[in-house]
Structure formats: C-alpha cells, structure tokens
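The values are calculated or read from the model by the stated rules, or taken from the named source; none is laboratory data. Here the structure is a predicted model, which means the values were calculated and not measured. All Cβ positions, even for glycine, are placed from backbone atoms using ideal geometry, and neighbour counts span all protein chains on display.
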Amino acid sequence: MRALSPNQFDQRHHLDSMLMRESLLDRGVQQATETDREIVRMLPDTQVVKVGGRSVVDQGRAVVRPVVDALAAALPIHRLIIGTGGGARTRHLYSIGIDLGMPVGVLAELAAADALGNAHILGTLMSPHGVVAIPPAMFGHLLPLFIRSVPGVIFTGVPPYSLWEHPSAVGRIPSHGSDAGCFLLAECFGSSALTLIKDVDGLFDADPKCNPDARLIPKISTAEIRERALPSLPFEPILLSLLDGARLLRKFQIVNGRRPELIAAALAGEHVGTLVSAS
C-alpha cells in the first residue's frame with residue numbers, strides 16, 4: 001500500500017491500493033489476491049485438539065478420565081488448544097428447535113451454548129494441570145496471552161457464527177459445528193496440527209458400529225472421499241471444503257479416544273488413526 005496521492009481529475013486524495021476501485025465480487029480480482037506473500041502463523045508452536053462431545057464427554061468417567069490424563073501428560077511437551085462440542089444434549093436441542101421451527105442461526109446459538117457446558121467440564125477436570133476454560137467472548141482476542149501463560153486452554157469448538165450461521169445445503173442442522181470451529185481456529189492461528197479425538201479408530205469404508213466388516217482407511221484425500229461417496233463420516237462434511245480452501249492447515253488426523261495411549265503418539269506426529277489431507 002502506497003501513500004496518498006492526488007487524483008489528476010478532481011484533486012481529491014485517494015488511497016492507492018490494489019483493490020481500491022475494484023469489485024470484490026469479480027473473479028479476476030479475487031484471483032489477484034492469491035500472492036506468494038507468506039501468511040503469518042500467529043501460534044505455530046500450538047496444536048488444536050478436538051475432544052468429541054457425544055463420542056467422549058457423554059461417555060462418562062470411564063472414557064473421559066483416561067483422555068484427560070493423556071492430554072495432561074502431553075502438556076509439558078505440547079502447547080494444546082482444546083475444543084469440544086455439545087454431544088447428546090445438542091442433538092436434543094436440535095430436535096426441539098426444529099420441531100418449533102427455529103431458523104438455522106438460532107440452532108447454531110443453542111449448540112454453542114451447550115458446547116460451553118462441556119468446555120467447563122473439561123476445564124474443571126484439567127484445572128489441576130493449569131489448563132483454563134476461556135469464555136467465548138474473549139477467547140480469540142486473548143488466546144495468545146493465555147497460551148503463553150498456561151500450558152493449555154479449552155474453548156467451545158462451535159464457531160461464533162450464531163445468528164449468521166450459513167443455511168445448510170441439506171436439512172436444517174448447522175453445517176459449522178465444533179469440528180469446523182476447531183479447524184478454523186487452527187487455520188487462523190497457524191497451529192501445527194489438528195487432532196480429532198472420536199470414538200472410532202478413524203475413517204472406515206462403512207459405519208463400523210453397524211458393519212463389523214468395515215475396513216479402516218489409513219489415509220485419504222478430500223477428493224477421494226467425495227469420489228467414494230462414503231455413507232458415514234466421523235467428522236462434519238463441511239471440513240472437506242474447509243480443508244481444500246485452507247492455506248496453512250492441509251491435513252488432520254482422527255484418533256480413537258477409547259485408546260488414549262494413541263493421543264500422545266498423534267500429538268508427536270505419528271500416524272495412528274486416519275489422516276485426511278487436502279486434494
């Protein structure tokens with residue numbers, strides 16, 4: 001961006017910049033913004049971990065405690081940003097809201113409020129290890145401060161679209177849930193990795209809870225997932241388009257929270273679940 005310069009016609013000063021007189025809706029202008037200028041990674045030494053609401057937190061002490069212990073053990077080695085969703089209660093809220101005719105934006109607000117409860121639960125369990133649950137209103141702005149002050153932080157993974165949640169292409173369940181929120185946070189702050197802790201070993205060619213012959217897919221790209229039209233995904237489908245459009249985060253890994261020993265390995269960069277990569 002250059003200094004202000006007088007316009008030769010009306011002598012008024014205009015800001016001389018690439019997009020000054022262009023429509024931001026023009027495809028050529030949009031393409032011109034793809035430059036080789038390096039994107040700033042605000043927190044490159046952090047990792048984002050999504051702890052499933054339904055798949056982990058809802059399962060109670062037997063599943064949650066070992067996951068908490070595994071995350072706590074990793075804190076001296078890794079700076080962790082931990083997100084969570086709402087789980088079964090969110091599904092119940094969706095059912096009530098849809099029955100009452102609530103718009104998608106209201107459903108998104110309900111989901112965010114519910115996920116905050118699970119964030120406080122995890123925050124309480126991990127508080128002896130110095131981990132804090134940060135309220136959504138201050139999370140984004142103060143995240144760099146908190147992550148330099150404590151070994152880890154917890155947040156509600158549901159992104160704050162709230163009333164501005166995008167209309168869903170199919171149905172009325174908000175497309176951007178806690179998986180998407182954790183991904184977007186990792187992409188924005190330039191975290192080194194995203195790990196989704198679920199209740200399955202990864203992505204299968206069929207639903208492993210219904211089909212005992214389902215086979216694990218160790219690695220797969222977003223294009224392959226679309227091509228195979230898999231009937232069931234252990235993550236939100238919106239992640240496929242988010243991953244393809246990302247500039248910093250080009251893959252994520254799904255690991256099984258019922259095998260908590262895999263969490264340390266995943267955080268160390270080992271391939272212990274399913275790796276999903278951008279096309």
Next item on the list: Would you check which residues across region 76-105 are of a type in the set (A, V, I, L, M) and either over 20 Å from the mean Cα position of the chain (by Cα) or surrounded by 18 or more Cβ atoms within 10 Å (Cβ to Cβ) (or both) and list them?
Entry: I77, L80, I81, I82, L93, I96, I98, L100, M102, V104
Next item on the list: Say whether the condition of being hydroxyl-bearing (S, T, Y) and within 19 Å of A113 (Cβ to Cβ) is met by at least one residue in region 177-200.
Entry: yes
Next item on the list: Within region 101-112, track down each residue that is among the hydrophobic types (A, V, I, L, M, F, W, C) and in contact (Cβ under 8 Å) with a residue 12 or more places away in the chain.
Entry: V104, V106, L107, A108, L110, A111, A112
Notebook entry, point to check: Here are some conditions: (1) of a type outside the set (A, V, I, L, M); (2) surrounded by fewer than 21 Cβ atoms within 10 Å (Cβ to Cβ); (3) farther than 22 Å from W164 by Cα; (4) under 17 Å from the mean Cα position of the chain (by Cα). P136 meets all but one. Which one does it not meet?
Noted result: (3)
Notebook entry, point to check: Quick check: is even one residue across region 174-187 over 19 Å from G52 (Cβ atoms) and either over 14 Å from the mean Cα position of the chain (by Cα) or of a type outside the set (K, R) (or both)?
Noted result: yes
Note to self: Can you pull out every residue in region 181-193 that is touching a Leu at 6+ places or on another chain (Cβ under 8 Å) and either surrounded by fewer than 24 Cβ atoms within 10 Å (Cβ to Cβ) or at pLDDT below 95 (or both)?
What the structure shows: L184, E187, F189, G190, A193
Checklist line | Residue count, region 215-245 (criterion: surrounded by fewer than 16 Cβ atoms within 10 Å (Cβ to Cβ) and touching an Asp or Glu at 6+ places or on another chain (Cβ under 6 Å)) | finding: 3
Notebook entry, point to check: Which one of these does P159 not meet: (1) within 18 Å of F235 (Cα to Cα); (2) assigned to a helix (DSSP H, G or I)?
Noted result: (2)
